[in-house]
Amino acid sequence: MSETTYPDIKLFIGNAWMASQGGETYPIINPGTGDIIGKAAKANRHDLELAVANAVAGFAVWRDVSPYERSRILRRAADTLRQRRERIARLISLEMGKPLPEAAAEVNVAADTIEWFAEEGRRTYGRIVPSRSPTTEQMVVKSPVGPVAVFTPWNFPLNQAARKIAAALAAGCSVVAKPAEEAPGSVAELAAALMEAGLPSGVLNMVLGVPSDISEFLIAHPQIRKISFTGSTIVGKKLAAMAGAHMKRATMELGGHAPVLVFGDADPVAAATAMARAKFRNAGQVCISPTRFIVHRSIYEPFVDAFVGVAGSLTVGDSLAPGVDMGPLANARRLVAMEDLVRDAVEKGADLKIGGRRRGNVGYFFEPTVLADAPTNARAMNEEPFGPLALIRPFDSAGDAVAEANRLPYGLAAFAYTRSNDVVSLLRTRVEAGMLSINDNLLALPETPFGGVKDSGYGSEGGSEAMEAYLSTRLVKVTSEFEASF
């Protein structure tokens with residue numbers, strides 16, 4: 001594949017690549033240019049039924065495969081991803097605009113994640129519960145839940161799919177995966193790697209097309225026993241309601257609006273530098289992206305100055321070009337949304353320190369943007385921006401900072417900077433977030449839980465907790481001779 005080539009993407013069903021039975025396709029667009037660079041098969045109802053039938057057949061085989069053999073297959077696939085890192089990274093950059101070094105890092109993390117679940121799958125232990133009778137044994141057994149449907153977003157197209165698919169496969173489940181329609185190329189590469197590694201036919205299937213049509217079909221299908229979704233809170237609530245109506249277990253990793261609490265004893269320049277780099281990673285299109293910067297008034301000005309300095313130093317441009325720090329937004333809709341959020345905040349009193357505009361008229365580029373003194377009634381202070389927009393406001397007391405951190409219905413990630421053990425204890429017990437990182441911005445490691453509270457969802461996409469979602473816990477009670485219990 002050349003540097004500018006994007007392959008046409010087909011459906012992956014029963015270890016075979018195929019066109020839609022209806023012959024329909026849809027375009028893949030490069031957000032850096034706005035050009036159509038490829039096409040993908042658009043599944044219809046017959047394709048979806050075929051995918052589920054293959055997942056059912058695949059599960060009948062895969063659930064009986066030794067966890068050790070499952071582990072070997074997953075590890076081989078992880079090695080293949082590493083070997084193809086440059087090619088896969090280029091696909092990610094072309095289809096969703098992530099700078100090439102960030103895309104390459106995503107491939108590495110995806111491989112590490114698959115490898116971690118490969119090993120964790122060998123430790124899906126049950127337990128023996130002491131019995132009240134010497135002739136009875138009580139065993140708690142972990143069993144794969146069955147075929148699952150996973151829905152993944154475009155912002156981390158490979159890693160989000162790898163987390164869900166690897167956990168499901170390690171647990172012994174089969175999968176019907178629906179990647180984001182904008183960015184299916186890297187997930188197709190993952191499917192190819194797993195097939196080449198020896199994954200039996202039907203254990204992983206990939207379908208593409210209209211999100212609402214696919215989700216409604218798969219969630220309602222009686223053979224699908226679990227769903228896992230990463231995306232917006234609005235869509236997640238709809239899918240969770242559908243899953244509940246069909247008594248399907250679900251993992252929901254939804255939207256966020258991560259607060260960053262910077263206390264007066266922190267180094268304002270060091271905190272601002274680290275957080276600005278985190279803010280503008282992937283053009284701010286990250287569910288745990290730091291967004292509301294709540295900074296103690298005593299260090300407010302140096303924090304703002306340092307943050308603006310980093311934002312102004314970033315190189316925005318073609319995601320494949322060397323030295324680029326930030327690529328385009330994923331689509332034209334995000335440009336309009338960003339412009340509206342900035343305009344609203346400024347009208348309500350925010351101080352636009354840098355950025356705030358579209359860059360150029362080709363592609364979907366938006367400037368790194370910093371708004372100081374952001375009022376709490378600004379839309380951007382209440383709605384997830386999902387773009388390169390940082391909102392900074394001062395606080396005077398720890399109580400005020402925690403209140404602002406908890407003000408919104410979101411509760412995915414939160415960050416803080418402090419040297420005080422007392423403040424750490426306060427934050428640990430009072431901040432309402434599924435993940436809290438203090439004096440560090442690194443989250444989403446394979447071995448740690450990843451998930452939110454409140455409107456940011458439930459369940460975990462990381463750590464041993466992620467495996468539990470794909471396992472049923474059953475009691476098996478064996479009595480060596482009949483005993484009347486009445």
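What follows draws every value from the coordinates through simple rules; no lab data is involved. All of these numbers come straight from a predicted model, not from anything done at the bench. Note that each Cβ is placed from the backbone with ideal geometry, even for glycine, and that neighbours are counted across all protein chains shown.
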> Taking the Cα atoms only, what angle lies between the long axis of helix 332-347 and the longest principal axis of the chain, rounded to 10 degrees?
Replying inline: 40
> Going 7 Å from the Cα of Asp422 in the Cα-to-Cβ direction, what parts of segment 383-399 have a backbone nitrogen less than 20 Å from that spot?
Replying inline: 395-399
> Using r as the Cβ-Cβ distance of Asn361 and Lys39, and R0 as 22 Å, what FRET efficiency do you calculate, to the nearest 0.05?
Replying inline: 0.30
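When the convex hull of the C-alpha atoms of segment 81-120 is computed, what volume per residue in Å³ does it have? Don't jump to the answer; show the numbers that get you there.
Working: hull volume 2.1 nm³, N = 40.
Here the figure is 53 Å³ per residue.
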>> Which one, Phe366, Phe415, Ala405, is farthest towards the positive end of the dipole of segment 258-438 when Lys and Arg carry +1 and Asp and Glu -1 on their Cβ?
In response: Phe366
> Looking at the square roots a ≥ b ≥ c of the eigenvalues of the Cα gyration tensor of the chain, which shape do they give, rounded for a/c under 1.5, prolate if a/b is larger than b/c, or oblate?
Replying inline: oblate
> Distance in nm between label sites at Arg333 and Gln21, each 7 Å beyond Cα in the beta-carbon direction?
Replying inline: 2.9
>> I need to check one value: relative contact order of the chain, counting alpha carbon pairs closer than 8 Å and at least 6 residues apart, in percent.
In response: 18
> Which lysines have a Cα lying under 27 Å from the Cα of Lys42, excluding residues fewer than 8 positions away in the same chain?
Replying inline: Lys10, Lys98, Lys164, Lys178, Lys226, Lys237, Lys238, Lys248
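Computed FRET efficiency, Cβ-Cβ of Lys477 and Leu442, R0 51 Å: what is it to the nearest 0.05?
About 0.70, to the nearest 0.05.
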> Sorted from fewest to most neighbouring beta carbons within 10 Å, what does the list Met139, Met247 look like?
Replying inline: Met247, Met139
> What is the extension gain from Arg430 to Asp213, computed as 0.36 nm multiplied by their sequence separation minus the C-alpha to C-alpha distance, in nm to one decimal?
Replying inline: 74.1 nm
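Let me check against my output: what whole-number percent is the relative contact order of segment 130-231, with C-alpha pairs under 8 Å and at least 6 apart? Display every interim value, and only then the final one.
Numbers: 141 pairs, mean separation 36.4, N = 102.
Value for segment 130-231: 36 percent.
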> Where the centre of each part is set by its Cα atoms, how far does segment 48-113 sit from segment 222-263, in angstrom?
Replying inline: 22
